[in-house]
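Structure first, then comments.
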Amino acid sequence: MSTSFCYLSRATLIVVIAAWLAGCMAGPDYTKPTPQTNEQYLGQHRLVQRVAPSSPPSLDSWWTGFDDPELTRIIERVTAQNLDLAAAMARVDQARAAAREAGAQLLPQGNLDAQAVRQHQSVDGPLGEIASALPGYHRDQTLETIGAGASWELDLAGGLHRGVEAAAAEAQAAEDAGVGVRISLAAEAADAYFHARGAQMRLALAQQQVETENRLLDLVRLRLAGGLATSREEAQAEALVMQARATLPPLQIELEQQLNRLDVLMGATPGTYRNEALNSAQTFTVPSIDADGGPAMLLRRRPDVMAAERKLAASSARIGEATAEYYPKVSLGALLGFETLRSGELFSAKAFQPQAVLGLHWRLFDFGRVDAEVAQANGANAEALATYRQSMLRATEDVENAIVMLSELERQHDELTQEVAAHERARAAAEDAYKGGAVSLLEVLDEDRQLLGSRDQLARVHADDARAAVATFRALGGGWTPAMDARVAVAVKQASP
């Protein structure tokens, strides 16, 4: 027992030394970089100059700004039922578990082992042949052992602590990626919704145009019966009806595809929510958008940027983890056990056999393996830094492009509205003139073609305008909420010992 006490005293001394060295960790201490950004977006003035019927909605729930209950229902279903989001959350759980596992490496590990062996020993074997010559030898033997052990690696160089830092940062990056999936899915669902609305609107206009052309055909046939029109004019009117009908199938295909896309995004079989979407009111407004805070705000709202920064932090910690391999590793171990060949005497003083272990492992000659590992970690860190900076540039580019698209589409929408009104007046005047015999049918047909084209383009641009607004909200990190940032504290707490 005195020997065991001596070992434990030495172990205590090493623990004190380890505690003193705990503040000296290998590798660099991470400092979050601050990318250079402009104070405002280049297109900021375009957002300010927009004339919108409603005030800017909160970026946290931007979809409510379109004042469309059906859109809100769709987004809620997507965030609750989407399978891609469920998979992303499962990846987050895996990353959190990995962080907890890394944190557990800092703590002692204990185990309990027990064994009972009954054997009939051979007398022809080396041990049996020698032992069988001794008096009192029995070939039937029972070996009983039981022991409780503990081991602890002293993190003298801080490699394990750096591993905990890296795992916690990777867990946070996974959290950010999960938030990014949520934001992307909400935007994708809204994009599909407005795409479907655009196809539905264009389909209704095309059907109206078919009815208009049919009425014109009836008029031509009536005039033909009275000798006021020609067979050529009847053929031209019939061709225009067929032309208008030919626009229906592509629009129907587009509508059905987007409705199916919406159902899948909501985690449902295609067709589940089709009728609900078709029968809901086709009214939505494109809201104002607030981009105050400029590009610097993207550092706090864009999940891809935040995830890239967390991966950079993890790569920095991995440098320390690799550098720690230059230094020796010291471990402590202890075992309190019993072993006996006599049944019923396991827990006796004679069977008691404690052990204390002090281990040392030092990679002295590895022919540059540690150097290569450190160089690899440094290279990964440089790559992560470039990726982080690039993610910020792309995020800013996304916002600038979305702003330009939104403002220019709204300008086009205004011009097309005036164009449609002018074509409607011209078409009505042409039909009246044709009825009075002042113009030929050719002029009426030409006005019909122009009116159909401008109406279709206006409906498409109206939907694209809403989709551009969705893209702007998405680029700004809309859908992220401050409550989501709690995942940082959770991941760090779970990884800490």
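The values are calculated or read from the model by the stated rules, or taken from the named source; none is laboratory data. A quick note: this is a predicted structure, and the numbers were derived from the prediction, not measured. When we count neighbours, we look across all protein chains shown, and the Cβ atoms used for this are built from the backbone with ideal geometry, even at glycine. Note: areas computed on protein heavy atoms with side chains; ligands, DNA, RNA excluded. Shrake-Rupley method; radii C 1.70, N 1.55, O 1.52, S 1.80 Å.
Ligands, DNA and RNA excluded, the heavy atoms of His462 present near 50 Å² of accessible surface to a 1.4 Å solvent probe.
Protection proxy ranking for 229-242, 383-396, 102-115, using the average of other Cβ atoms within 10 Å per residue and placing the highest first: 383-396, 229-242, 102-115. The angle separating the long axis of helix 159-225 from the principal Cα axis of greatest extent in the chain is about 20 degrees. Volume of the convex hull of segment 45-157 (Cα atoms only), normalised per residue: 306 Å³. Listed by chain and number, the aspartates and glutamates whose alpha-carbon sits under 14 Å from that of Lys311, ignoring those within fewer than 8 places in the same chain, are Glu165, Glu170, Glu175, Asp176, Glu383.
Remark: segment 97-176 carries a charge dipole of roughly 340 debye about the Cα centre, counting +1 on each Lys and Arg Cβ and -1 on each Asp and Glu Cβ. Modelled spin-label separation between Glu211 and Asp93, with each label point placed 7 Å from Cα along the Cα-to-Cβ direction: 5.3 nm. Which net charge results when you count Lys and Arg as +1 and Asp and Glu as -1 among the other residues whose beta-carbon is under 15 Å from that of Ala237? With Lys, Arg at +1 and Asp, Glu at -1, the neighbours total -3.
Across segment 207-331, C-alpha contacts under 8 Å between residues 6 or more apart give a mean separation that, scaled by the residue count, equals a relative contact order of 14 percent. Note on exposure: Trp62, Trp362, Trp152, Trp480 ranked by accessible area (1.4 Å probe, complete protein assembly) read Trp362, Trp152, Trp480, Trp62, with the most exposed listed first. Taking a straight Cα-Cα cut-off under 20 Å and skipping sequence neighbours fewer than 8 places away in the same chain, the aspartates and glutamates within cross-link reach of Lys350 are Asp113, Glu144, Glu339.
Per residue, the accessible area of the chain comes to 53 Å² when a 1.4 Å probe rolls over the protein heavy atoms. Dipole size of the chain about its Cα centre, with +1 on Lys/Arg Cβ and -1 on Asp/Glu Cβ: approximately 1100 debye, rounded to the nearest 20. If you line up the long axis of helix 441-475 against the longest principal axis of the chain, both from Cα atoms, how many degrees apart are they, to the nearest 10? So the inclination is approximately 20 degrees.
Between the listed residues Leu248, Val220, Ser280, the Cα displaced farthest toward the positive end of the dipole of segment 199-315, a dipole computed from Cβ unit charges relative to the Cα centre, is found at Ser280.
Look at where the Cα atoms of segment 404-444 and of segment 54-125 average out, and the two centres are 58 Å apart.
On C-alpha positions alone, give me the angle between the axis of helix 83-104 and the longest principal axis of the chain, in degrees, nearest 10. On a 0 to 90 degree scale, this one is about 20.
Dipole of the chain computed with +1 at Lys/Arg Cβ and -1 at Asp/Glu Cβ about the Cα centre; of Phe347, Pro270, Asn111, farthest Cα towards the positive end is Phe347. Measuring nothing but how far apart in sequence close Cα pairs (under 8 Å, 6+ apart) lie, relative to its length, the chain scores a relative contact order of 28 percent. Of the accessible area of the chain, computed with a 1.4 Å probe over protein heavy atoms only, carbon and sulfur atoms account for 57 percent.
Dipole orientation for the chain: of the candidates Pro69, Val370, Ala395, Val370 has the Cα lying most toward the positive pole (charges on Cβ; Lys, Arg +1; Asp, Glu -1). Pairs of Cα atoms nearer than 8 Å and 6+ residues apart set the relative contact order; for segment 37-183 it is 29 percent.
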